[in-house]
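Please read the structure below before turning to the comments.
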Amino acid sequence: MRNTFIGIVIGVVVGVVVGATLIAPRLVPQTLHPSPRPAPAREDPRTSSAALPLAAAVTGRMALRWTMASAYAAGRPQFGDLAGRIDTEVWRVSGGATEIKLQDSDESPPGAGLIEAVAGGSLTAAFVGPDELGAKSPALELVSALPFGPTARAHLAWLRQGGGLDAATTVMQKLQIKGLPCGLVGAEGGGWFRGPIRTVEDLKGLKVRLTGLGGRTLAKLGVKTLATPPERMFAELESRGLDAVVFSLPSNDVQLEFHKFARFYYLPGWQRPVTVTFLVVNLDKWRALSATRKSQIEAVCGSNIEIGLAESESAQFQALKEMTEKGVNLDRWPDEVIKRLRAAWLDTANEIAAMDPDFKQAWQSLQDFRKRFSIWEELGRL
């Protein structure tokens with residue numbers, strides 16, 4: 001009888017521990033925007049001394065704990081949120097056996113240094129976009145975002161099934177990184193300008209903050225393009241060191257209140273109709289993962305793509321409405337300007353392809369895919 005009683009007590013204690021450390025945390029509803037997080041009122045189960053050993057016992061493996069840096073601020077809509085989802089969702093889908101912990105931004109190397117840190121092994125993973133990828137290779141920027149690129153569905157089709165990811169993987173392996181598409185957002189805005197743009201002549205001589213392939217394209221129209229860091233944009237606008245800023249999606253732009261310095265906002269964002277963000281992982285550490293852990297991370301990245309596209313597309317109407325309420329002049333680019341920009345982009349792409357074999361391969365792959373896809377796009381739409 002005494003042994004039976006002791007057995008019951010032990011069973012109850014074990015049940016409480018397992019329920020509190022494994023089951024209960026996974027039943028807590030996830031917030032849509034996990035970053036930035038408020039200070040927890042109680043111990044985070046992911047750092048509990050009991051949670052990870054128990055998770056490892058359930059999976060039959062040692063718990064894996066990685067750190068990840070992000071190129072995007074934690075509070076930045078869409079981009080920052082997608083980085084935060086990797087942190088929370090990988091832990092959830094693995095039952096606590098795998099963790100990719102998002103670092104505070106002040107702990108991370110800046111810009112392109114993120115990819116270098118991952119390749120060198122001082123950082124396991126990083127969440128990056130076209131600016132960071134383009135600093136390493138124009139081919140990688142092309143796969144992430146490009147001027148006058150395809151629609152989101154066509155870009156994703158090319159990436160997954162048309163050769164885009166194959167081209168990127170070839171380059172990334174040379175850099176000793178593994179890259180997983182891990183987020184997709186819709187079109188950026190065309191930028192904030194101090195005055196109206198009616199013709200190409202109105203652009204000439206302007207100092208415009210625009211990075212990457214878009215910046216190289218706009219420069220062909222006589223614009224001085226600058227890679228002004230985000231923390232300097234407002235000061236440069238105020239001091240007239242900049243005449244315009246091209247930064248992000250309308251839902252991001254409206255929160256930053258650029259309208260206080262530049263009241264003309266142009267659409268569409270020809271420079272990045274679609275942006276694919278990547279989770280880059282040290283190649284050796286990725287190869288050492290089990291198939292199960294790889295699948296868990298890939299599943300979270302696939303979910304990030306779906307959520308990123310849905311959230312970014314649904315948020316833009318309200319953002320544009322807020323802009324008009326603040327007195328912003330919303331307008332489409334004049335047809336002449338778009339025509340000249342498109343021609344300038346084709347010249348830019350062909351120039352880069354002539355110098356960079358990796359870019360040439362990716363560019364040719366995209367061109368071939370778009371020709372094939374256009375037939376279905378034309379016949380399949382209502």
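The values are calculated or read from the model by the stated rules, or taken from the named source; none is laboratory data. Everything numeric in this text was worked out from a predicted model, so none of it was measured. Don't worry about glycine lacking a Cβ; one is built from the backbone with ideal geometry, like all the others, and counts go over all protein chains shown. Calculation scope for accessible area: heavy atoms of the full protein, side chains included, ligands and nucleic acids excluded. Shrake-Rupley method; radii C 1.70, N 1.55, O 1.52, S 1.80 Å.
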Requested in this report: For GLY183, state whether it is modelled with pLDDT of 95 or more and out of contact with any helix residue (DSSP H, G or I) (no Cβ under 9 Å at 6 or more places or on another chain).
Outcome: no
Report summary line: The one condition PRO147 fails out of (1) modelled with pLDDT of 95 or more; (2) in contact with a Gly (Cβ under 7 Å, 6 or more places away or on another chain); (3) within 21 Å of THR67 (Cα to Cα) is (3)
Report summary line: Note on the range 153-165: residues under 19 Å from the mean Cα position of the chain (by Cα) and over 16 Å from CYS301 (Cβ atoms) are ARG153, ALA154, ALA157, TRP158
Report summary line: Restricted to the range 343-359 and to residues being closer than 23 Å to ALA152 by Cβ and surrounded by 14 or more Cβ atoms within 10 Å (Cβ to Cβ), the residue nearest to the chain's Cα centre (by Cα) is PHE359
Query - Of all residues in the range 138-191 being of a type in the set (Lys, Arg) and assigned to a helix (DSSP H, G or I), the one that is least open to solvent (accessible area, probe 1.4 Å) - result: ARG160
Query raised in the report: Residues in the range 198-220: is at least one more than 26 Å from the chain's Cα centre (by Cα), open to solvent by 40 Å² or more (accessible area, probe 1.4 Å), at pLDDT 95 or above and hydroxyl-bearing (Ser, Thr, Tyr)?
Result: yes
Report summary line: Pairs returned, first residue in the range 312-329 that is of a type in the set (Val, Ile, Thr), second residue that is open to solvent by less than 40 Å² (accessible area, probe 1.4 Å), beta-carbon separation under 6 angstrom, 6 or more apart or interchain, are VAL328/HIS259; VAL328/TYR265
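Say we look at the range 271-285 and pick out the residues that are surrounded by fewer than 24 Cβ atoms within 10 Å (Cβ to Cβ) and under 22 Å from the mean Cα position of the chain (by Cα); which of these is farthest from TRP66 (Cα to Cα)?
Looking at the filtered set, the residue picked out is PRO273.
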Query raised in the report: open to solvent by 60 Å² or more (accessible area, probe 1.4 Å) and modelled with pLDDT of 95 or more: does that describe ASN329?
Result: yes
Query raised in the report: From PRO138, PRO181, which residue is in contact (Cβ under 8 Å) with a residue 12 or more places away in the chain and within 16 Å of the chain's Cα centre (by Cα)?
Result: PRO181
Requested in this report: Run down PHE264, PHE258, PHE247 and say which single residue is open to solvent by less than 10 Å² (accessible area, probe 1.4 Å) and aromatic (Phe, Trp, Tyr).
Outcome: PHE258
Report task. Inspect the range 360-367 for any residue being among the hydroxyl-bearing types (Ser, Thr, Tyr), exposed (fewer than 13 other Cβ atoms within 10 Å of the Cβ) and in a helix (DSSP H, G or I) and give the result as yes or no. Result -> no
Query raised in the report: Given ASN304, ASN329, which one is touching a strand residue (DSSP E or B) at 6+ places or on another chain (Cβ under 6 Å) and over 24 Å from PHE193 (Cα atoms)?
Result: ASN304
**Report entry** Condition check for THR324: open to solvent by 60 Å² or more (accessible area, probe 1.4 Å), in a helix (DSSP H, G or I) and over 30 Å from LEU203 (Cβ atoms)
**Finding:** no
